[in-house]
Amino acid sequence: MTSSLLLRNARLLDPATGEYTEGDLRCADGRIAEAGPGPAAADVRTLDLRGAVVLPGLIDAHVHVTASTADLGSLPAQSPAYAAAQAARIMSGMLDRGFTTVRDVAGADYGLADAQAEGLFRGPRLLFCGKALSQTGGHGDSRTRGTRVRDDHPCCAGLSRIADGVDAVRAAARDELRKGAHHLKVMASGGVASPTDRIDSTQYSADELRAIVEEAEAANRYVAAHAYTARAVNRALELGVRSIEHGNLLDDRSVELFLARDAYLVPTLVTYWALKEEGREHGLPESSWRKVDAVLDAGLAALERASRGGVKLVYGTDLLGGMHRHQNHEFRLRAEVQSPLEVIRAATSTAADLLNLTGEIGTLAVGAHADLVVVDGDPLADVGVLTRPFRHVVQGGEVVSG
């Protein structure tokens, strides 16, 4: 077997144990082939890291790679070709920021995933759900009060599709699964960027949510649910949803349910910070901007409550438009209530578990994808190291940045 890359004199971080191993790491055929002291170095590109830290490529489990503007209601009017070009640009930036795998939770489809996998553009590995499922007037319904017609033609570049009633949501779920969805996304509460709903609403009936979960499980997939309030979070967990997105207003009962149902929480603190700071500059309507405060202050408290209670936490950002550049700032925000190692796990090993890719990504174990980042400084002492430019980003055993 010929090697493609050898990293010498590295400090290799195992997120699962939180321990460093000093040694070398050899990548071959896109996988990690050896790790430890002195792998063979014949005919291979070699980088002497001189004690720099190597950790697994980062995972962002809540992105919208087609969200080139914060005005989400305008996305369906975009040409698919234009939306794809924007997504390629956004994903290229994510790769430079160290994210070698991302989970898109509304908007991306098999075309973008295939194009990235085939090397048609540079970007992280893409797991997608296609269109999120929303009830009429829900978080995925971008119509204003005075708009009646909605075009759900599959050519459109929007993030969501509307389906009402058990039969309709079953058909919509099966359709997204038919197109290769790795997971299903449902809007189970109101949100910031939707024009006609309340953040504290619950969305979809129990029967509708249960039907969507059944369809996902039948296909050996799972459901991720947008939910803010404890009422919305708890009913989604009780009905079998595997990951809760945001969860800013959860309560102690929520923590109990996360543990009992072996579910995951994906907070997205940085998007509220960014929307408040500059959302209007990037297209967020004034009416939506005024809704940000309702979830901004609660997010950190919810993260602390969940972390203290032992909930499995995963890294997510949910950034829109020109705010994608703040993707790594989530590390700093979480570090206000979590240890650096806990935050790193959220973006590596725990995220891999949620994505059903345990042992494939989020680890430096032999046999895993050779996705990794090389950083100067000790991220276990200061997780802010991960907010600065990386020395190298490696994807599939190839240096793609730095």
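The values are calculated or read from the model by the stated rules, or taken from the named source; none is laboratory data. Quantities reported herein were computed from a predicted structural model and do not represent experimental measurements. Don't worry about glycine lacking a Cβ; one is built from the backbone with ideal geometry, like all the others, and counts go over all protein chains shown. Ligands, DNA and RNA are stripped out before the accessible areas are found, and what is left, the full protein with its side chains, is counted by its heavy atoms. Shrake-Rupley method; radii C 1.70, N 1.55, O 1.52, S 1.80 Å.
Does residue 163 qualify as being under 22 Å from the mean Cα position of the chain (by Cα), modelled with pLDDT of 90 or more and among the hydrophobic types (A, V, I, L, M, F, W, C)? Taking the combined requirement at face value, the residue does not satisfy it. Tell me whether the range 4-26 contains one or more residues that are touching a residue at least 60 places away in the same chain (Cβ under 8 Å), closer than 30 Å to residue 323 by Cα and under 21 Å from the mean Cα position of the chain (by Cα). Yes, that holds for at least one residue. So is residue 71 touching a residue at least 24 places away in the same chain (Cβ under 8 Å), charged (D, E, K, R), in contact with a Pro (Cβ under 9 Å, 6 or more places away or on another chain) and within 26 Å of residue 191 (Cβ to Cβ) or not? For residue 71, the condition - touching a residue at least 24 places away in the same chain (Cβ under 8 Å), charged (D, E, K, R), in contact with a Pro (Cβ under 9 Å, 6 or more places away or on another chain) and within 26 Å of residue 191 (Cβ to Cβ) - is met.
The residues of the range 214-245 that are part of a helix (DSSP H, G or I) and open to solvent by less than 10 Å² (accessible area, probe 1.4 Å), listed by number, are 216, 232, 233, 236, 237.
Filtered by the rule that a residue be within 19 Å of the chain's Cα centre (by Cα) and surrounded by fewer than 21 Cβ atoms within 10 Å (Cβ to Cβ), the range 246-263 gives a lone residue, 262. Of all residues in the range 202-230 being touching a residue at least 40 places away in the same chain (Cβ under 8 Å) and either touching a Cys at 6+ places or on another chain (Cβ under 8 Å) or among the small types (Gly, Ala, Ser) (or both), which is farthest from residue 74 (Cα to Cα)? The extreme case among them is 219. Among the residues making up the range 1-29, those that are touching a Gly at 6+ places or on another chain (Cβ under 8 Å) and farther than 24 Å from residue 386 by Cβ are 4, 28, 29.
Suppose the filter is assigned to a helix (DSSP H, G or I) and under 17 Å from the mean Cα position of the chain (by Cα); does residue 278 pass it? Judged against the criteria, residue 278 is not a match. Consider the range 98-124 and keep the residues that are open to solvent by 50 Å² or more (accessible area, probe 1.4 Å) and in contact (Cβ under 8 Å) with a residue 60 or more places away in the chain. The one that is nearest to residue 244 (Cα to Cα) is 109. In the range 314-379, counting only helices (runs of 4 or more DSSP H) that sit wholly within it, the ones holding 3 or more residues that are open to solvent by 30 Å² or more (accessible area, probe 1.4 Å) span 340-346. For residue 45, indicate whether it is among the basic types (Lys, Arg), closer than 27 Å to residue 192 by Cβ, touching a Ser or Thr at 6+ places or on another chain (Cβ under 9 Å) and open to solvent by 40 Å² or more (accessible area, probe 1.4 Å). No.
Residues are listed down the side, and each one gets a yes or a no for (1) closer than 25 Å to residue 64 by Cβ; (2) free of Cβ contacts under 8 Å to residues at least 60 places away in the same chain:
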| position | (1), (2) |
| --- | --- |
| 308 | no, yes |
| 314 | yes, no |
| 320 | yes, no |
| 329 | yes, yes |
| 332 | yes, yes |
| 338 | yes, yes |
| 347 | yes, no |
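Count of the range 264-307 residues, restricted to those that are open to solvent by 10 Å² or more (accessible area, probe 1.4 Å), within 14 Å of residue 324 (Cα to Cα) and of a type in the set (Gly, Ala, Ser), is 1. Scan the range 246-257 and report the pairs whose first residue is part of a loop (DSSP other than H, G, I, E, B) and whose second residue is hydrophobic (A, V, I, L, M, F, W, C) and surrounded by fewer than 24 Cβ atoms within 10 Å (Cβ to Cβ), with Cβ atoms within less than 7 Å and a gap of 6+ or a chain change. Matching pairs, first to second residue: 250/230; 250/306; 251/230. Looking at 281, 304, 286, 277, just one residue is more than 23 Å from residue 70 (Cβ to Cβ) and among the charged types (D, E, K, R), and that residue is 304.
Could you tell me whether residue 87 is at negative phi, at pLDDT below 95 and either hydrophobic (A, V, I, L, M, F, W, C) or surrounded by 22 or more Cβ atoms within 10 Å (Cβ to Cβ) (or both)? For residue 87, the condition - at negative phi, at pLDDT below 95 and either hydrophobic (A, V, I, L, M, F, W, C) or surrounded by 22 or more Cβ atoms within 10 Å (Cβ to Cβ) (or both) - is not met.
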